[in-house]
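The values are calculated or read from the model by the stated rules, or taken from the named source; none is laboratory data. The model shown is predicted, which means the values in this text are computed figures rather than measured ones. Cβ: placed from backbone, ideal geometry, glycine included. Neighbour counts: every protein chain shown. The area values use the complete protein model at the heavy-atom level, side chains included, leaving out ligands, DNA and RNA. Shrake-Rupley method; radii C 1.70, N 1.55, O 1.52, S 1.80 Å.
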Amino acid sequence: MNQTGNLSAQLDEAGRLRHLLRLQGLSRTFITELLDRATAFQTEVGKPPARDNVLRGRTVANLFFEPSTRTRASFELAAKRLSADVLNLDVNMSSRTKGESLLDTIYTLQAMQVDVFVVRDASAGIPEYITENVIPQVSVLNAGEADVSHPTQGLLDLMTIREVKGTIDGLTVTIIGDIAHSRVARSLSEGLTIMGNNELRLVSPDGLSADPTLYPGAILTSDIDGAVEGADVVMALRIQRERIKEKANLMTGMDYHRDFGLTEARLRLAKPDAIVMHPGPMNRDVEIAGAVADGPQSVITQQVHNGVAVRMAVLAAVTESRQK
Ligand code: CP
């Protein structure tokens, strides 16, 4: 297992999606087709959701070894709206608490004819490790891997940007917060690089800044006002305290909201038509002012809405790759 991943495992010989581990390694055309497919699955909030039979007879298992609201709920809804049987394993009540290994859990569910494993885990490399050990008929979708990758979040972020800005090319995108521990920033960065000539600005306080080798071409800074100025897209990130080992001295004496929060005053430095994004869960009035999160430039609920359509598109794509 390693952090770069065996990305060749993602596509089959015909170029169809077999597993989804990372956005890196996918082409602009491939991602555009996935986003188009997701758009076709969208209906307005308040109208009945889109439904399809493409997963009829298939079984999707959600294995979340870390907490989740959005990703888990949207994968479940996506699978059900495509007519799959859905298993949500309650990890805390599973036999893993009795010492059963991850692979034995996978083999047990595989024997029950699970077709797609949706996996979230706090350790890097787990989704890839599962792809190396399942039978060829089974797909694995990464639903959040340590600080490495969250590809369906990256896709829903790209979809939201495309919907509102009309393009994913030539944009200035500013991400503020705990970049060091953010799989969301990693996946969005990969997607922005694939989709066009975008400028990525990563803003964080000391101790939470990005490893520059993971973000080639990006501007890394602690100058939040300078980084927000003229941006088309501004995304705020939560501090991922669950991934920070040395908490004692972290940001001692700092007023985080004052120094690194996305406030109304700061947002006025961005382009007048800039959009505000946040992957959730949010800590209001810490990394983002409540008034900004609920304000006219916020597309945060649109991100959540698009998450179901993106996951329907990904589930449909891997299922197609299994059809003879
Ligand atoms: N954005 C995201 O992954 O949210 P959840 O942790 O609620 O799934």
* Please verify whether segment 166-189 includes one or more residues that are open to solvent by 10 Å² or more (accessible area, probe 1.4 Å), in a loop (DSSP other than H, G, I, E, B) and within 16 Å of the ligand (Cβ to nearest atom). => no
* Can you find even one residue in segment 119-135 that is acidic (Asp, Glu), part of a loop (DSSP other than H, G, I, E, B) and surrounded by fewer than 16 Cβ atoms within 10 Å (Cβ to Cβ)? -> yes
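If I filter segment 93-105 for residues that are part of a loop (DSSP other than H, G, I, E, B), in contact (Cβ under 8 Å) with a residue 60 or more places away in the chain and either assigned by TED's automatic domain parsing to the domain that holds residue 279 or touching a helix residue (DSSP H, G or I) at 6+ places or on another chain (Cβ under 9 Å) (or both), do I get at least one hit?
From segment 93-105, those part of a loop (DSSP other than H, G, I, E, B) are 94, 99-101; that's our starting set.
Still in the running and in contact (Cβ under 8 Å) with a residue 60 or more places away in the chain: none.
No, every residue in segment 93-105 fails to be part of a loop (DSSP other than H, G, I, E, B), in contact (Cβ under 8 Å) with a residue 60 or more places away in the chain and either assigned by TED's automatic domain parsing to the domain that holds residue 279 or touching a helix residue (DSSP H, G or I) at 6+ places or on another chain (Cβ under 9 Å) (or both).
Could you list, in sequence order, the residues of segment 41-64 that are without any contact (Cβ under 8 Å) to a residue 60 or more places away in the chain and either farther than 22 Å from residue 301 by Cβ or within 16 Å of the ligand (Cβ to nearest atom) (or both)?
If we filter segment 41-64 for residues that are without any contact (Cβ under 8 Å) to a residue 60 or more places away in the chain, which is where we start, we get 43-44, 46-48, 51, 53, 56-57, 59, 61, 63.
Matches in segment 41-64: 53, 56, 57, 59, 61, 63.
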* Among helices (runs of 4 or more DSSP H) lying entirely in segment 230-324, which contain 2 or more residues that are among the polar types (S, T, N, Q) and at pLDDT 95 or above? -> 300-320
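Residues being touching a residue at least 12 places away in the same chain (Cβ under 8 Å) and open to solvent by 30 Å² or more (accessible area, probe 1.4 Å): count how many of those fall in segment 302-323. Spell out how you get there, then give the answer.
Quick first cut of segment 302-323, residues touching a residue at least 12 places away in the same chain (Cβ under 8 Å) only: 302-322.
Still in the running and open to solvent by 30 Å² or more (accessible area, probe 1.4 Å): 302, 304-305, 320, 322.
Selection size over segment 302-323: 5.
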* To do: Report whether or not residue 29 is within 20 Å of the chain's Cα centre (by Cα), over 18 Å from residue 316 (Cβ atoms), assigned by TED's automatic domain parsing to the domain that holds residue 101 and loosely packed, with under 15 Cβ neighbours inside 10 Å.
  => no
* Filtered residues of segment 287-309 (kept if away from the ligand (no atom under 16 Å from the Cβ) and not polar (S, T, N, Q)) -> 289, 290, 291, 292, 294, 295, 296
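Would you check which residues across segment 136-145 are assigned to a loop (DSSP other than H, G, I, E, B) and either of a type in the set (Phe, Trp, Tyr) or open to solvent by less than 10 Å² (accessible area, probe 1.4 Å) (or both) and list them?
So in segment 136-145, the residues assigned to a loop (DSSP other than H, G, I, E, B) come out as 136-138.
Answer for segment 136-145, where residues must be assigned to a loop (DSSP other than H, G, I, E, B) and either of a type in the set (Phe, Trp, Tyr) or open to solvent by less than 10 Å² (accessible area, probe 1.4 Å) (or both): just 138.
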* Asked: In segment 13-69, which residue that is part of a helix (DSSP H, G or I) and among the hydrophobic types (A, V, I, L, M, F, W, C) is farthest from residue 189 (Cα to Cα)?
  -> 40
* Structure fact -> Per the filter on segment 250-286, residues open to solvent by less than 20 Å² (accessible area, probe 1.4 Å) and within 16 Å of the ligand (Cβ to nearest atom) are 276, 277, 278, 279
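Considering only residues that are small (Gly, Ala, Ser) and either surrounded by 20 or more Cβ atoms within 10 Å (Cβ to Cβ) or within 19 Å of the chain's Cα centre (by Cα) (or both), which ones fall in segment 197-208?
204
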